[in-house]
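Undergrad: The structure is given below, and queries will be raised subsequently.
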């Protein structure tokens, strides 16, 4: 189904690059086939071990979202990807994104580990990623414009969240998009990515 995400299981680990091919996912160097979409993405695997594959995979999703999302033109030479209370493998995986190129800019990963960090640095973020370890840290109810909020296992009715990464009952990772929150973030999402997204219950996207 095109409305379903790539269908990795949380037990998959990989080496090298991930190639998404029509109707299934092939992990280079490991013959693992899963249902998926007909686009091809080149990305280096961020999983450091089979046990840590889920945390690394979620960060890999965030990184690959950037390839299908267009932010407004900017004169800045950096793109600020913020992470809320990222720990352990998630933090290690995010560190691998630091200084990578995105839309002719360099990704700068900024860690918001304290409430004061949110107050002082949130408005400088283009994308804010909230892993499960950051779920209890408070974010403004009136979420600032021009920041795309990506959350692991987000509350269904949280209208601030643009993209939610969810683990399914059969251990797949899929994502849900909220088009209103995406518009609030001021970004343009590829039609290919929109087709992949699961429909948001009780809302659009």
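Undergrad: Using the 10 angstrom Cβ neighbour count as an exposure proxy, how do 90, 80 rank, fewest first? Numbers along the way, then the final one.
TA: On the way: 90 25, 80 17.
Ordered from fewest to most neighbouring Cβ atoms within 10 Å, 90, 80 come out as 80, 90.
Undergrad: Which shape class, rounded, prolate or oblate, goes with the stretch 55-138 when its Cα gyration tensor gives a ≥ b ≥ c as root eigenvalues, a/c under 1.5 marks rounded, and past that a/b bigger than b/c marks prolate? Provide the component values of the computation, followed by the final result.
TA: Details: a/c = 1.95, a/b = 1.27, b/c = 1.53.
Taking the square roots of the gyration eigenvalues as a ≥ b ≥ c, the stretch 55-138 is oblate.
Undergrad: Given the alpha-carbon gyration tensor of the stretch 52-196, what are the semi-axes of its equivalent ellipsoid in whole angstrom, ordered largest first, with each equal to the square root of 5 times an eigenvalue?
TA: Working: eigenvalues 77, 65, 57 Å².
Over the Cα atoms of the stretch 52-196, the ellipsoid semi-axes are 20, 18, 17 Å.
Undergrad: For the stretch 85-103 and the stretch 105-156, write down the distance between their C-alpha centroids in whole Å.
TA: 14 Å
No lab work stands behind these numbers, since they all come straight from the coordinates. Owing to the predicted nature of the structure, the values given are computational and were not obtained by experimental measurement. Heads up, the Cβs are rebuilt from the backbone with ideal geometry, glycines too, and the neighbour counts pull from every protein chain shown.
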